[in-house]
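Chemist: Once you've had a glance at the structure underneath, I'll fire off some questions.
What follows draws every value from the coordinates through simple rules; no lab data is involved. What you are looking at is a predicted structure, and each value in this text was computed from that prediction instead of being measured. In this analysis, Cβ positions are derived from the backbone assuming ideal geometry, glycine residues included, and neighbour counts consider all displayed protein chains.
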Amino acid sequence: MKRVFLALLALSIGAGIAVSQEQSDARTIEDLFLSQDIELQIMRSQALSTDLEMKQLALRNIRSMIESGATNEGLYVILEALSSEGVARQIRTGGAVVNNFPLIRREATELLGQVGGEQAKNTLIRILRDDPEPVVLAEAAYALGTIGLNENNEVSDWLVQTLLRENAKSTPDSNLAFSIVISLERLSQANGGLSDPVVINALLEAASAPYIRTVRRRAVEAIINMRDH
């Protein structure tokens, strides 16, 4: 185990030098280096490795811990880093980004929804704002609905913005729209309704936008359910 840890630690140091990210994020991740939890240090090293399989291993370990109820601040920090892999956190070789792993970001985003809380909510909003991949955006939208926080309509506003942007496309992503519709409905149920008429208007647009039939029908159902709430 000691040999494995030292090898992983070396990988993490090498990766840390090449990573380009906001200074505040770098300090947060580096704080984990001082952790007395050896398992947490190993997962940190796996997450910062340039190897895809190492990142997948970190996510499997984190999922197992979440499912057993053993969540902590360190797990959130690692998930936050993985959720921005290739976007906010970039490793470049010869000018090219070599750590753009959308499926890693998608899984980390899903797990953030399971962790929940204010920090996870804020990270998911950032993902909704910055990530270019529909599959990651859909996971972020769904996770925000799972968490259910919506103070001052902050979350519903971001979901509506994303839905309106998708509605306007000639070939919109049905999976993303479906996730947003479900999340808006969940936020309505969790927060005593969504009073902003912009939400209903966005759903009405989705009901007539060029999505698959399932999405259009679900948008209508969401409007009905919100009005009956």
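Chemist: Can you tell me how much longer the chain between ILE38 and GLU151 gets when fully stretched, taken as 0.36 nm per residue apart minus their C-alpha distance, in nm with one decimal? Let's see the in-between values first.
Modeler: Numbers: separation 113, 0.36 × 113 = 40.68 nm, distance 3.70 nm.
Taking ILE38 through GLU151 to full extension adds about 37.0 nm, to one decimal.
Chemist: Please list 3J(HN,Hα) in residue order for segment 61-69, calculated via the Karplus relation 6.51 cos²θ - 1.76 cosθ + 1.60 where θ = phi - 60°; whole Hz, with x for glycine and proline.
Modeler: 5, 5, 4, 4, 5, 5, 5, 8, x
Chemist: Hey, could you grab the Kirkwood Rh for segment 148-229? Inverse mean 1/r over distinct alpha carbon pairs, Å, one decimal.
Modeler: On the way: mean 1/r = 0.0815 Å⁻¹.
Kirkwood radius, segment 148-229: 12.3 Å.
Chemist: Let me ask something additional. By how many nm would the segment from ILE212 to ARG227 grow when fully extended, if each residue of separation counts as 0.36 nm and the alpha-carbon distance is taken off? It would help to have the intermediate numbers written out before the result.
Modeler: Values: separation 15, 0.36 × 15 = 5.40 nm, distance 2.38 nm.
Value of the extension gain: 3.0 nm.
Chemist: Where in segment 46-60 does the amide nitrogen come within less than 14 Å of the point 7 Å from the Cα of LEU103, taken along Cα to Cβ?
Modeler: Residues 52-57, 59-60 qualify, since their backbone N sits under 14 Å from the label point.
Chemist: Report, by chain and number, residues whose modeled amide H sits under 5 Å from the one on VAL97, excluding near sequence neighbours (fewer than 5 apart, same chain).
Modeler: Excluding prolines and chain starts, which carry no amide H, there are no hits.
Chemist: May I ask for the distance between the Cα centers of segment 48-69 and segment 168-229, given as a whole number of Å?
Modeler: 33 Å
Chemist: Taking θ = phi - 60°, what integer Hz values does the Karplus form 6.51 cos²θ - 1.76 cosθ + 1.60 yield along segment 84-95, in sequence order, with x for Gly and Pro?
Modeler: 10, 4, x, 10, 6, 9, 10, 10, 10, 10, x, x
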